[in-house]
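Only the coordinates and a few stated rules stand behind these numbers; no lab work does. Note that this is a predicted model, so its numbers are computed, not measured. Neighbour counts run over all protein chains shown; Cβ positions are idealised from the backbone, glycine included.
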Amino acid sequence: MTERLSPGDPAPDFTLPTDSGDTLSLKDLRGRKVVLYAYPAAMTPGCTTQACDFRDSLASLQAAGYQVVGISPDVPAKLAKFRDRDAITFPLVSDQDKAVLSAYGAYGEKQMYGKTVTGVIRSTFVIDENGVVERALYNVKATGHVAKLRRDLAID
C-alpha cells in the first residue's frame, strides 16, 4: 500500500510536463498556496465533472490565494485536448510514470465496483506557501468535492 501524506508533511516536489507543453515545478509555486488534485483519466465523466467544478470555482480559489493544479498519468497531448474541450483554465500536469502520484499516496490499490484494482486514487492536497501539506484528502468524490473543499477552507 502506498504511504499517504498527512498535514505537516513536506509536499513532494516535482517538475512535470503540462498541457501547454511547458513544465511546472512545485518549487516554482512557493509563496503561493496550492490545491493539487489527482484524478484518474482526462475526459472521463467523473474527471470532467471535477475539472469543471475546479474551473467554475477558480476565481474564488484564486481570490483566496490558491493556485489549482490537476495531475494525472495522461500524456500532455491528451491533457491539452481535455483543456481545450472543457475550457480548463488552470495547469494540468502529466505524471506518466506515476512517480509523483505515488509519492503523494495517490496511486495504489483502491476499490472500484467491488473489486480491488491498482490505479489513481482521486485525491486533493492543500499545500501552504512553504511547501507543507495542510490537508491530504483521499478517495474524494468527483461530484461535490470542490464545494466541500471551499467550505472547509472558508472560501465563498
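Observations, loosely collected:
- Of the helices (runs of 4 or more DSSP H) entirely within segment 4-110, those holding at least 2 residues that are among the β-branched types (Val, Ile, Thr) and surrounded by 13 or more Cβ atoms within 10 Å (Cβ to Cβ) occupy 45-63.
- Inter-residue pairs, beta-carbon under 9 Å, first closer than 12 Å to TYR37 by Cβ and free of Cβ contacts under 8 Å to residues at least 12 places away in the same chain and in segment 53-66, second assigned to a helix (DSSP H, G or I) and aromatic (Phe, Trp, Tyr), 6+ apart: none
- Residue list for segment 112-156, restricted to those being small (Gly, Ala, Ser) and buried (at least 18 other Cβ atoms within 10 Å of the Cβ): SER123, ALA136, ALA142
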